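Laboratory data are not the source of any read-out in this text; all were calculated from the coordinates shown. Being a predicted model, the structure only gives us computed values, none of them experimental. Positions of Cβ are generated from backbone atoms using ideal geometry, with glycine treated the same way; all protein chains shown enter the neighbour counts.
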Amino acid sequence: MAERAAGPELRLHPGREKSLLQRHPWVFSGAIAELRGAPASGDTVAIRSADGRWLARAAWSPESQIRARVWSFDETETVDAAFFDRRVGEAVCARAGFTDAAHTGCRLIHGESDGLPGVIADRYGDVVVLQLGAAGAERWRDAIVAGLRRHTDATCLFERSDADVREREGLPARVGPLYGTLPDAVTLVEDGLVYRVDVAGGQKTGFYLDQRDNRARVRRLARGRETLNVFCYTGGFTLAALAGGAPRVLSIDSSAPALALARDSLACNPQLPAGAAEWRDADAFTELRRLRDAAASFDLIVLDPPKLAPTAHHAEKASRAYKDINLLALKLLRPGGLLATFSCSGGVDAALFRKIVAGAALDARADAAVIGHFAASADHPCSLAFPEGEYLKGLLLRKAR
Ligand code: SAH
């Protein structure tokens, strides 16, 4: 009887199995000693240590530095359509308590931390947006779509697989409906506030759901505080601050479409004082200097810049940019003022971020204390085995003088 052909297999260099034994889901190109078989992009490969020990089943990404992403550490688990149905079902089920009348959005699938590397799914009311960012996720696209169809009651599933990471994986951009029709206006209710979401053309999947708890926190702090919201995107923190009783909010972003949508969102909330919001289309680095030179001051500042350091490789240059904006923000803060400052850079961890902000305070001659910490909301879990998942971090500071 002919022996059943063994599937494709990766053999690692001696000692390089360590991270997999700790259940970290990535295999970098430098760890691989040998590829046996000829897997196509996205195919499932078995990973073995140098001495032949079975370690994991993973998706083959021939064009990426992350050459394989683990689907399963269980040798008895097959990677097939049923596997994706199960994983999607588990992820959706884990968010059961996250949506209600006051919160109609949440992240349904958060990549590696939901056991689905390269898969992001965000819910905005009846619309779910899917983003596939790795070869394995692309290979199992139909099964993932079927899983979302079965486990959610979304009327439209829309694909936004156009993130930069796809290029590194050798995958073309794909944007369009997977089923159903995208409504002309997609809205999201968060903390009772209505936001317009540009699913087809906005950043990420259209909205920064990861800041939900932090926007609620800022809302609770805003009463009576003149507020500056830098890198405001579609006005998330702006509306939250207005709802919390900020008498005036100045919001800055360099994206005109984002600011236009922010205005639309504010108009969807007639209970908010529209006249209290001022929107400025400007480069934040320049505008913060201009405000400083004009001796402007605020009681509450939100600083939520884009990912300045995608990887640790960019950390040094990014550190200077983070320090620059934090220094300027601390100067613009009145005594007793609050600064909510964030970094969503995977390449800057919480310890480094705190150090950067401390350096900024020193240079600004500001006496400031940390009175709180921010992280992504709980629908963005972070697997203990995957520290890279903890990308969003923030500090709440109070300036003494
Ligand atoms: N706080 C927002 C998310 C911010 S995302 C929320 O809660 O929804 C980062 C934003 O920074 C994006 O909207 C992007 O357009 C903007 N941005 C990037 N570079 C900028 C720059 N140099 N000046 C001003 N805005 C910038």
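Evaluate E = 1/(1 + (r/R0)^6) for Asp51 and Arg289, where r is the Cβ-Cβ distance and R0 equals 56 Å; express this FRET efficiency to the nearest 0.05. Taking R0 as 56 Å, the efficiency between Asp51 and Arg289 is 0.40.
Put a dot 7 Å past the Cα of Ala282, heading toward its Cβ, do the same for Thr155, and the two dots end up 4.2 nm apart. Taking the chain as a Gaussian network, where each spring joins two C-alpha atoms under 10 Å apart, which residue of Leu35, Leu132, Leu333 fluctuates the most? Of Leu35, Leu132, Leu333, the Gaussian network model singles out Leu35 as fluctuating most. Please build a GNM for the chain, connecting alpha carbons under 10 Å apart, and tell me which residue among Tyr124, Tyr195, Tyr179 fluctuates the most. Ranking Tyr124, Tyr195, Tyr179 by mean-square fluctuation puts Tyr179 first. Can you tell me which of Arg212, Arg11, Arg107 moves the most in a GNM of the chain? Springs connect C-alpha atoms under 10 Å apart. Taking springs between Cα atoms under 10 Å, the residue moving most is Arg11. Each residue of the stretch 188-203 is assigned a 3J(HN,Hα), and the resulting list reads 10, 9, 10, 6, x, 9, 9, 10, 7, 10, 8, 5, 7, x, x, 6 Hz, derived from the Karplus form 6.51 cos²θ - 1.76 cosθ + 1.60 (θ = phi - 60°), x at Gly and Pro.
Extending 7 Å from the Cα toward the beta-carbon at both Cys93 and His13 defines two label points whose distance is 4.1 nm. Express in % the proportion of alpha carbon pairs of the chain at distances exceeding 34 Å. Result: 34 percent of Cα pairs exceed 34 Å. Taking the Cα of Ala369, stepping 7 Å toward and past its beta carbon, and measuring to each backbone N in the stretch 385-400: which are under 17 Å? Label zone hits: 395-400.
Backbone geometry of the stretch 296-308 corresponds, through the Karplus equation with coefficients 6.51, -1.76 and 1.60 at θ = phi - 60°, to 3J(HN,Hα) couplings of 6, 8, 9, 9, 8, 10, 10, 10, 10, x, x, 5, 7 Hz, x marking Gly and Pro. Between Arg320 and Arg168, the modelled labels are 2.3 nm apart [label points 7 Å from Cα along Cα→Cβ].
Multiplying the residue separation of Tyr179 and Asp100 by 0.36 nm and subtracting their alpha-carbon distance yields 26.1 nm. Along its three principal directions, the equivalent ellipsoid of the stretch 72-146 from the Cα gyration tensor extends over semi-axes of 23, 13, 10 Å, largest first.
Under 5 Å from the amide H of Arg248 lie the amide H atoms of Thr227, each residue being 5 or more positions distant or on a separate chain, with H modelled from the backbone and absent for Pro and chain starts. Structural descriptor for the chain: relative contact order 11 percent, calculated from alpha carbon pairs under 8 angstrom and at least 6 residues apart. For a label point 7 Å from the Cα of Glu63 along Cα→C-beta, name the residues of the stretch 27-43 whose backbone N is under 20 Å from it. Within reach of a label on Glu63, which here means backbone N under 20 Å from a point 7 Å along Cα→Cβ, the stretch 27-43 contributes 27-30, 38-43.
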